[in-house]
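A.B. asks: First the structure, which I've put down as structure tokens, then a few questions once you've had a look.
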């Protein structure tokens, strides 16, 4: 924690000097919502903890924003779209948040982003990768939805490209029936079509499924030489165990939930060797990343971060919001949004150093060059390629 604090001291010093002291109860309220319980809790809790870590540092070292402490108003959305609508309505109408950090599940995002759009309150998505979230209102006069996570529109082609590089051509696609699974399936099929291919098998299933043996058998019988998974951790573990149960020696690849603890722990030996696209690994890297990992471990007494990618993106999303608040010099959501779209300084995060992460027409902060392929080995996610491990010591900037 001390190491991370030291890296932030210089950055925050200016804000401490220019801050104006006000009453202690005069806080800036920021909403935080994700699933903190249930099958998606690994990403929700990790994101929340990353956000908490950033805000604690901001409040302690910078005194908040111009003397006003940031107050997090946290709500568990249960990964349930209907419940999430009520949560968001409360955050906007009752709690009067000036901005929010939230959406872990794409289905929840699809159900709630219109509430932020209509209320004209900026939302930064630190976790969900569903492509439609930042696209839905991209053509509107004002788009109030931002994101600090790699959308599936870049993640799916990255996975497909790696599969093709490894010589696979007969892809079986397993996607759940949530908004996340649907959006991911579409992006994988699009990436395959651009390579002149189609999946040899497409299997859909509901979240909560306990066995996928029949679907796995159908994919095997279709001649698949690789399985691509688009679902959350527990269901991905069911898939891995079903593959193992049929003694099918096939490569499992997938989107970032294969890096969650509730996949790795539940799958056990069946998850060994699974390949996963991620923006962040809990591995030695450049100084800020190392400091962040140490700070998280100490603060939350957790040697292993349940979802390192969600934690890092949550932390960075909170930092970007802080700098936007300071630049705006206001609690006015419209001014905060305008500042996000034109940040006038670089922000050193743990995923990358952000230089104009957003613009009026581009609300996605991460680009495909920030992704790496990880592999599950002996219960942890490591770099799948030596060159990525070496590249991990360098900051990968956003491509324009």
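A.B. asks: Out of all the residues in segment 321-332, which are buried (at least 24 other Cβ atoms within 10 Å of the Cβ) and either touching a helix residue (DSSP H, G or I) at 6+ places or on another chain (Cβ under 7 Å) or assigned by TED's automatic domain parsing to the domain that holds residue 232 (or both)?
C.D. replies: If the condition is that a residue be buried (at least 24 other Cβ atoms within 10 Å of the Cβ) and either touching a helix residue (DSSP H, G or I) at 6+ places or on another chain (Cβ under 7 Å) or assigned by TED's automatic domain parsing to the domain that holds residue 232 (or both), then 322, 324, 325 are the ones that fit.
A.B. asks: I've got another one for you. Please count how many residues of segment 117-133 are on the phi < 0 side of the Ramachandran plot and surrounded by fewer than 24 Cβ atoms within 10 Å (Cβ to Cβ). Reasoning before the result, please.
C.D. replies: Taking segment 117-133 and keeping what is on the phi < 0 side of the Ramachandran plot, we get 117-119, 121-133.
Within this subset, residues satisfying the condition of being surrounded by fewer than 24 Cβ atoms within 10 Å (Cβ to Cβ) are 117-119, 121, 131-132.
Qualifying residue count for the region: 6.
A.B. asks: Touching a residue at least 12 places away in the same chain (Cβ under 8 Å), closer than 18 Å to residue 357 by Cα and surrounded by fewer than 24 Cβ atoms within 10 Å (Cβ to Cβ): which single residue out of 74, 153, 89 fits that description?
C.D. replies: It is 153.
A.B. asks: Another question, then. Considering only residues that are under 19 Å from residue 63 (Cα atoms), outside any loop (DSSP other than H, G, I, E, B) and more than 17 Å from the chain's Cα centre (by Cα), which ones fall in segment 312-337?
C.D. replies: Scanning segment 312-337 gives 322, 323, 324, 325, 326, 327, 328, 336.
One line per residue, one yes/no per condition, for (1) within 24 Å of residue 105 (Cβ to Cβ); (2) in contact with a helix residue (DSSP H, G or I) (Cβ under 8 Å, 6 or more places away or on another chain); (3) part of a strand (DSSP E or B):
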residue: 252; (1), (2), (3): yes, yes, yes
residue: 264; (1), (2), (3): yes, yes, no
residue: 269; (1), (2), (3): no, yes, no
residue: 288; (1), (2), (3): no, yes, no
residue: 297; (1), (2), (3): no, no, no
residue: 303; (1), (2), (3): no, yes, no
residue: 310; (1), (2), (3): yes, yes, no
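Condition check ((1) at pLDDT 95 or above; (2) within 30 Å of residue 264 (Cβ to Cβ); (3) in the same structural domain as residue 314 (by TED's automatic domain parsing); (4) in contact with a strand residue (DSSP E or B) (Cβ under 9 Å, 6 or more places away or on another chain)) across all residues:
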| residue | (1), (2), (3), (4) |
| --- | --- |
| 26 | no, no, yes, yes |
| 39 | no, yes, yes, no |
| 51 | yes, yes, yes, yes |
| 61 | no, no, yes, no |
| 64 | no, no, yes, yes |
| 70 | yes, no, yes, yes |
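A.B. asks: Still on this structure: Return yes when residue 260 is surrounded by fewer than 21 Cβ atoms within 10 Å (Cβ to Cβ), modelled with pLDDT of 95 or more and not assigned by TED's automatic domain parsing to the domain that holds residue 41 and no when it is not. Step through it out loud before you land on a result.
C.D. replies: Numbers: surrounded by fewer than 21 Cβ atoms within 10 Å (Cβ to Cβ): no; modelled with pLDDT of 95 or more: yes; not assigned by TED's automatic domain parsing to the domain that holds residue 41: yes.
No, not satisfied.
A.B. asks: Additional query: Right, residue 394: over 28 Å from residue 163 (Cβ atoms) and assigned to a loop (DSSP other than H, G, I, E, B) or not?
C.D. replies: No; evaluated as a whole, the condition is false for this residue.
A.B. asks: Right, here's the next one. In segment 354-366, which residues are more than 16 Å from residue 138 (Cβ to Cβ) and in contact with a strand residue (DSSP E or B) (Cβ under 7 Å, 6 or more places away or on another chain)?
C.D. replies: 354
A.B. asks: Still on this structure: Tell me whether segment 214-231 contains one or more residues that are at positive phi and at pLDDT 95 or above.
C.D. replies: yes
A.B. asks: State yes or no: is residue 209 farther than 26 Å from residue 384 by Cα and either within 26 Å of the chain's Cα centre (by Cα) or not assigned by TED's automatic domain parsing to the domain that holds residue 268 (or both)?
C.D. replies: yes
The values are calculated or read from the model by the stated rules, or taken from the named source; none is laboratory data. Note that the structure is a prediction, hence the values are computed from the model and not measured. Please note: Cβ atoms are built from the backbone with ideal geometry, for glycine as well, and neighbour counts cover all protein chains shown.
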